[in-house]
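The values are calculated or read from the model by the stated rules, or taken from the named source; none is laboratory data. Remember, it's a predicted structure, so these values are computed and weren't measured experimentally. Counting neighbours? That spans all protein chains shown, and the Cβs are built from the backbone with ideal geometry, glycine included.
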Amino acid sequence: RPTDGDLRAPSVVSDPLYPFPNPLTGRSFPFTLTSHGPQYCDVSQVSTQMSNRWGMISLTILLLSAGWIVFSRAEPGATTGGAIPAPRAGFLAPDFELTSASGETLRLSDLRGRPVLLNFWASWCPPCREEMPAFEQAYRQHQDDGFVILAVNAAYSDSPAKALAFSESLDLTFPIVFDYDGSVAGLYRTHSLPSSFFIDAGGVIQDVVIGGMPAALIEARLQELLEEGS
């Protein structure tokens, strides 16, 4: 028992895993129990050290992220001239060859010299179905300007019969081809439907849009393509 002259708090055995202040002493983080009473770690110093460490980690992550943003926003077309095929803006659109329901073979590179909207879609996809009337409207309006829509149906996950039935119900007139094995979808890294690639007359991708588009957005992107070719 402490004497009147002993100002030390009584030695209290505490659970070393208990992370909160000891209710009897008001102190925190007991580590050892000696004859002079428990010794404690300064929580403020530990917090400061942890804050400094996480601060350095956060700064490193921030710098790496900034570097990646700068790299990804670079205009690759300006340095490669669009000569390298890749499914992203500023690069040459990867070439492929698919067949339509009538058996006609269509190759993307054969459309060089014309602005192209390359659209990946499926009949079971609601956003795909919703944007098709706007596609047809844009196609009919700008077909005389050389504009063409090439709709790639995800036949590897869709029914070509249902896709054709849907096309006929809307009286779609632009070409529809079928990606039976998913090779073209893989080539363009399309993980979501619909996915649209706006390709200029030189075969370079100018914009990529993931998800359904309203008519106003389609028209705005199309005007940019037409201006590129003029």
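The set of residues in segment 201-230 being among the polar types (S, T, N, Q) and part of a strand (DSSP E or B) consists of Gln206 alone. The residue that is farthest from Glu136 (Cα to Cα), among those in segment 171-200 that are part of a strand (DSSP E or B) and hydroxyl-bearing (Ser, Thr, Tyr), is Ser195. Being under 23 Å from the mean Cα position of the chain (by Cα) and surrounded by 21 or more Cβ atoms within 10 Å (Cβ to Cβ) is a property that does not hold for Ile176.
Of all residues in segment 99-117, those satisfying the criterion of being part of a loop (DSSP other than H, G, I, E, B), over 12 Å from Ile149 (Cβ atoms) and either in contact with an Asp or Glu (Cβ under 6 Å, 6 or more places away or on another chain) or among the charged types (D, E, K, R) (or both) are Glu104, Arg112. Answer with yes or no whether Leu172 is within 15 Å of Ile205 (Cβ to Cβ), among the hydrophobic types (A, V, I, L, M, F, W, C), out of contact with any Phe, Trp or Tyr (no Cβ under 7 Å at 6 or more places or on another chain) and at pLDDT 95 or above. In short, no. Scanning segment 128-173 for residues that are in contact (Cβ under 8 Å) with a residue 60 or more places away in the chain, of a type outside the set (A, V, I, L, M, F, W, C) and surrounded by 21 or more Cβ atoms within 10 Å (Cβ to Cβ) yields a count of 1.
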